[in-house]
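Asker: Got a structure for you, written out below as structure tokens; questions coming shortly.
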Amino acid sequence: MSTTAEFFFKYHGLGNDFIVLDCRQSGTDIDAEFSRWVCDRRRGVGADGVLSLLPSQTGMARMVVHNADGSIAEMCGNGLRCAVKYLVDHSGEKPERIEVETGAGLLSCTPVYGVDGVAEVEISMGPARLVASNLPSGASGQPFLDAPVPGHSGLRGHAISMGNPHLVLLDQPLGDASRLGPELERHPGFPERTNVEFVRVDKDGLTVVVWERGCGLTEACGTGACAAAAAAVIAKRLPADAWLRVTLPGGDLHIRVPSDLSDVRLRGPVSFVFTGVVPDLPGR
Ligand SMILES: N[C@H](CCC[C@H](N)C(=O)O)C(=O)O
């Protein structure tokens, strides 16, 4: 299947890179096979994922997040910044705020303009959920917070959903991400798999490495930074209601977690890389 978009637009947020496809005209999305092919860094364009923009009754667009393995994610913080930059820079206007429909709800996004259009975006990410269908113990209704990870003695984690699931391991060596990430991504406690954050708590923020569901190690993960900051606030390791620096391999995001976890805010840069013509999938 060729996509319904004629052109693709490549963006990244701190090196977490995405292909944006504007499918608002046709209203039809890509399939998993196309996502796997176009994200392939040798046989395709290369990216951590594809962001399809579809028509929306409530927002400027509906964003669907396709991981590099073809799976669909409920939400993507770095990706939403890329989608906002595409939508605003191609709108011919400079709105103070736009809303985008996502799997985590209708989210409000505030662009910050630079010399080349949108340079940074602040997003109201919605709540950090402690009990949700895509988290362990969702059925029993008990949050999985600072608890031993079943089957992994010596590991303690927080399960937090930002719409997509996260297993946050505070004080876990960052170097463990590539060794432990693949197995924990598929931990049976997470029915839809999970993203896994390896977190060092610094005196003024966090340093985080993320093994992402459906992508593996990435340069940055926006929802992962939010989940890690929420876990640090819940554990009273960092203050609530303050902008926290979260350093990832690709650079710094800033996250603010309210004491009631009701509306986590994320702020970070976004960059346009290049555009190209969407080819038909080889062999189809
Ligand atoms: N791989 C993630 C989606 C992308 C999240 C990440 N890139 C972000 O910036 O939030 C998942 O399956 O939940």
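Asker: Which residue out of K203, K236 is under 21 Å from L155 (Cα atoms), among the basic types (K, R) and surrounded by fewer than 24 Cβ atoms within 10 Å (Cβ to Cβ)? So that I can check it myself, show each step before the final result.
Answerer: Details: K203 fails: under 21 Å from L155 (Cα atoms).
Only one candidate qualifies: K236.
Asker: Right, here's the next one. Among the residues of the stretch 105-140, write down those that are touching an Asp or Glu at 6+ places or on another chain (Cβ under 6 Å) and at pLDDT below 95.
Answerer: The one that is touching an Asp or Glu at 6+ places or on another chain (Cβ under 6 Å) and at pLDDT below 95: N134.
Asker: What number of residues in the stretch 190-202 are over 15 Å from D171 (Cβ atoms), modelled with pLDDT of 95 or more and either touching a Pro at 6+ places or on another chain (Cβ under 6 Å) or away from the ligand (no atom under 11 Å from the Cβ) (or both)? Spell out how you get there, then give the answer.
Answerer: Initially, the stretch 190-202 is screened for residues over 15 Å from D171 (Cβ atoms), giving 190-195.
If we keep only those that are modelled with pLDDT of 95 or more too, we end up with 190, 192-195.
Pick out the ones that are also either touching a Pro at 6+ places or on another chain (Cβ under 6 Å) or away from the ligand (no atom under 11 Å from the Cβ) (or both) and you get 190, 194.
Count: 2.
Asker: If a residue has to be more than 14 Å from T218 (Cβ to Cβ) and either surrounded by fewer than 24 Cβ atoms within 10 Å (Cβ to Cβ) or in contact (Cβ under 8 Å) with a residue 60 or more places away in the chain (or both) to count, how many in the stretch 39-50 make the cut? Step through it out loud before you land on a result.
Answerer: Let us first name the residues in the stretch 39-50 that are more than 14 Å from T218 (Cβ to Cβ), namely 40, 42-45, 50.
Narrowing further to those that are either surrounded by fewer than 24 Cβ atoms within 10 Å (Cβ to Cβ) or in contact (Cβ under 8 Å) with a residue 60 or more places away in the chain (or both): 40, 42-45.
Residues flagged as more than 14 Å from T218 (Cβ to Cβ) and either surrounded by fewer than 24 Cβ atoms within 10 Å (Cβ to Cβ) or in contact (Cβ under 8 Å) with a residue 60 or more places away in the chain (or both) within the stretch 39-50 amount to 5.
Asker: While we're looking at this one, here's another question. Quick check on my filter: what residues within the stretch 93-103 are open to solvent by less than 50 Å² (accessible area, probe 1.4 Å) and within 15 Å of the ligand (Cβ to nearest atom)? Explain how you work it out, then say what you get.
Answerer: Here is the first cut: in the stretch 93-103, the ones open to solvent by less than 50 Å² (accessible area, probe 1.4 Å) are 95, 98, 100, 102.
Correct list: V100, T102.
Asker: Turning to a different aspect of this structure: Is it true that V45 is more than 9 Å from the ligand (Cβ to nearest atom) and in a loop (DSSP other than H, G, I, E, B)? So that I can check it myself, show each step before the final result.
Answerer: Numbers: more than 9 Å from the ligand (Cβ to nearest atom): yes; in a loop (DSSP other than H, G, I, E, B): yes.
When the stated conditions are applied, V45 passes them.
Asker: Another question about this same structure. Residue check: is R256 modelled with pLDDT of 95 or more, away from the ligand (no atom under 12 Å from the Cβ) and under 22 Å from V65 (Cα atoms)? Full working, then the answer.
Answerer: Numbers: modelled with pLDDT of 95 or more: yes; away from the ligand (no atom under 12 Å from the Cβ): yes; under 22 Å from V65 (Cα atoms): no.
No.
Asker: Suppose we filter A225, A220, A230 for residues that are assigned to a loop (DSSP other than H, G, I, E, B) and open to solvent by less than 10 Å² (accessible area, probe 1.4 Å); which single one remains?
Answerer: On the way: A225 fails: assigned to a loop (DSSP other than H, G, I, E, B); A230 fails: assigned to a loop (DSSP other than H, G, I, E, B).
Residue meeting the stated conditions: A220.
Asker: Mind checking whether some residue in the stretch 84-92 is within 16 Å of the ligand (Cβ to nearest atom), at pLDDT 95 or above, open to solvent by less than 30 Å² (accessible area, probe 1.4 Å) and in contact with a Ser or Thr (Cβ under 6 Å, 6 or more places away or on another chain)?
Answerer: Taking the stretch 84-92 first, the residues within 16 Å of the ligand (Cβ to nearest atom) are 84-86.
Subset that is at pLDDT 95 or above: 84-86.
Among the residues that remain, those that are also open to solvent by less than 30 Å² (accessible area, probe 1.4 Å) are: 84-86.
Then keep just the ones that are in contact with a Ser or Thr (Cβ under 6 Å, 6 or more places away or on another chain); that gives none.
Scanning the stretch 84-92 turns up no residue that is within 16 Å of the ligand (Cβ to nearest atom), at pLDDT 95 or above, open to solvent by less than 30 Å² (accessible area, probe 1.4 Å) and in contact with a Ser or Thr (Cβ under 6 Å, 6 or more places away or on another chain).
Asker: Of the residues that make up the stretch 241-250, is at least one assigned to a helix (DSSP H, G or I) and either more than 16 Å from the ligand (Cβ to nearest atom) or at pLDDT 95 or above (or both)?
Answerer: Step one: of the stretch 241-250, the residues assigned to a helix (DSSP H, G or I) are none.
Checked against the condition, which is being assigned to a helix (DSSP H, G or I) and either more than 16 Å from the ligand (Cβ to nearest atom) or at pLDDT 95 or above (or both), the stretch 241-250 yields no hits at all.
Asker: Looking only at the stretch 54-83, which residues are away from the ligand (no atom under 13 Å from the Cβ), among the hydrophobic types (A, V, I, L, M, F, W, C) and in a strand (DSSP E or B)? I'd like the intermediate steps shown before the answer.
Answerer: First, the residues of the stretch 54-83 that are away from the ligand (no atom under 13 Å from the Cβ): 54-62.
Right, trim to among the hydrophobic types (A, V, I, L, M, F, W, C) and you get 54, 60-61.
Listed by number, the list holds a single entry, L54.
The values are calculated or read from the model by the stated rules, or taken from the named source; none is laboratory data. All of these numbers come straight from a predicted model, not from anything done at the bench. Neighbour counts are summed over all protein chains in view; Cβ atoms, including those assigned to glycine, are modelled from backbone coordinates with ideal geometry. The protein model used for the area step is the full one, side chains on, heavy atoms only, and it has no ligands, DNA or RNA in it. Shrake-Rupley method; radii C 1.70, N 1.55, O 1.52, S 1.80 Å.
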